[in-house]
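Structure first, then comments.
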Amino acid sequence: MKSFPTAISPVYGQRLLRFPAGAAVTAALFPLFADLRDRPVLVVGGGTVAERKIEALRRAGAQVRVVAPTATPALRQQARSGQIDWQAEPFSPHWLGEPVWLVIAATGDSAVNQAVYEAAQSHGVFCNVVDDAQRSSFQVPAVVERGALQIAISSGGGAPMVARHLRRWLESLLDDSWGHLVALFSRHRAGIRARFPDTGARRRFFEEQLAGALPRLLRDQRLDEAEAALGAALDAVPAASAGSVVLVGAGPGDPGLLTLAGLRALNEADVILHDRLVSAAVLQLARRDAERIEVGKSAGGHSVGQAQIHALMLEHARAGRRVVRLKGGDPFVFGRGGEELEFLRDHGIGYEVVPGITAALACAAYAGVPLTHRAHAQSVRLVTAHCQDSFDTLDWEALARERQTLAFYMGVAGLETIRQRLIAAGRDPATPFALVENGSRPQQRVITGTLDELATHAREHQVASPALLILGEVAALAGRLHWFGAAPIAGPLFPAIPSPSAKPSVATIKRAA
């Protein structure tokens, strides 16, 4: 059975599932926390499952009415003491004719559960049928509670055991100090909002407190000292907020390849200026309330000029905001990172740089192409080829030498020129290539062939940006070493792949063509 590709989470090192392009993904449930205090809720069923649901509802302050012919001893006792209203009769739709906020069906009888679901639908009431996602308009999540702090986990009803497993894991990570922390900030909420009316300043205050001594004091049960420390922080005169810019390399697209430093910057950002090719999966890791501005460039399409990008960085940084300039790949590899740092330095704006995994490294790895190999390539050249000016400044004779790997960035539109110039400079027309489209993403494609047929194969398979061209003897290994996504699409003239036991020379690989 073919498994879906996985990657490593940038936060906890857990494996994240990567679904292939076109895979069906159901719409996500909308997460919310309902205030059920003094609100009527109907539970149909009187067994042990219903008993557990009723316990949770009562903790939330709901007015619970139970409809069931029989009930557990515990539920009967609760009814006698007035804690719940038990109606000892079979379910009838008229019970939903009275005001009810939610209904839970926990009978174990499929016909009764279906009747509850249909009645709830007709009355516009949210319904949960226990262990039946198809007949539930809301799900009851697995919950981790630390005082007023609640973390709810849902699998959409499809895999509740996974949600419970994750809950147990979180239970082991989060101690009771988190509940004390929430209570402390709740008590001072009005004072914090009055002291820091600006949302950005208020968020930075919270971050400073969470990074300081407060969590340790709470873990050590030194609650009075924690209260005093927060009060002192509120009374202190805050330093003027200076804006800054962080250049962050987003990598090629797989969010699992984003660095921890990059993730931290995204979660601290007020404004994110991102390239067009930064994947949606990476952007989803950023702060939800950060302002996002696309500043991408595209051949023949809408582009934001470099001068305008500079102006945006300056505007937001001078306003005291934390700006993340998010770039695909690495900021210093054909990403104009150097130009942007020069501009920021000239204008007195503080800056940092978070490296990213550049496309040549990631695309080669995800295509199974080693950029260097003792038998085939002792050097690597990273080349940009997005316009005629780029072509005219390149040393084609140096690029045409053997026993090296060429990685061409932004070269889809110029593949025929690359082919002509390299062959004219003496590169063997039988040199293998691998074109990696959407490298590291679920829709990755790898097209392989020989230099002489490069442009033809790219046209036949309608290769589009973003795509990286890897040229050199190592590209012949793509067919045998690929591991991610679909197998490479080989051209008819592609060289034969050496057997695992063979140690061919470069000449041997060429003769195989």
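General remarks:
- Only listed residue being surrounded by fewer than 15 Cβ atoms within 10 Å (Cβ to Cβ), assigned to a loop (DSSP other than H, G, I, E, B), modelled with pLDDT of 95 or more and outside the structural domain of residue 226 (by TED's automatic domain parsing), chosen from 98, 89: 89
- Enumeration of residues in the range 362-397 that are in a loop (DSSP other than H, G, I, E, B) and under 16 Å from residue 451 (Cβ atoms): 369, 376, 385, 394
- Filtering the range 211-230 to residues that are under 31 Å from the mean Cα position of the chain (by Cα) and of a type in the set (D, E, K, R) leaves 216, 219.
- Filter result for the condition that a residue is at pLDDT below 95, under 40 Å from the mean Cα position of the chain (by Cα) and part of a loop (DSSP other than H, G, I, E, B), over 34, 56: 34
- Meets criteria (out of contact with any Leu (no Cβ under 8 Å at 6 or more places or on another chain), buried (at least 22 other Cβ atoms within 10 Å of the Cβ) and either under 16 Å from residue 476 (Cβ atoms) or not assigned by TED's automatic domain parsing to the domain that holds residue 274 (or both)) for residue 444: yes
- If the condition is being under 13 Å from residue 313 (Cα atoms) and either crowded, with 21+ Cβ neighbours inside 10 Å or without any contact (Cβ under 8 Å) to a residue 12 or more places away in the chain (or both), then the range 241-265 contributes 245, 246, 247.
- Elements of type strands (runs of 3 or more DSSP E) in the range 431-476, at least 1 residues being under 15 Å from residue 411 (Cβ atoms) and in contact with a His (Cβ under 6 Å, 6 or more places away or on another chain): 445-450
- Residues that are in a strand (DSSP E or B) and among the hydrophobic types (A, V, I, L, M, F, W, C) were ranked within the range 398-430; the one that is farthest from residue 481 (Cα to Cα) is 408.
- Any hit, the range 273-290, residues being within 20 Å of residue 360 (Cα to Cα) and either in the same structural domain as residue 438 (by TED's automatic domain parsing) or free of Cβ contacts under 8 Å to residues at least 12 places away in the same chain (or both): no
The values are calculated or read from the model by the stated rules, or taken from the named source; none is laboratory data. Fair warning: this is a prediction, and the values are worked out from it, not measured in the lab. Methodologically, a virtual Cβ is constructed for each residue, glycine included, from the backbone with ideal geometry; neighbour enumeration extends over all protein chains shown.
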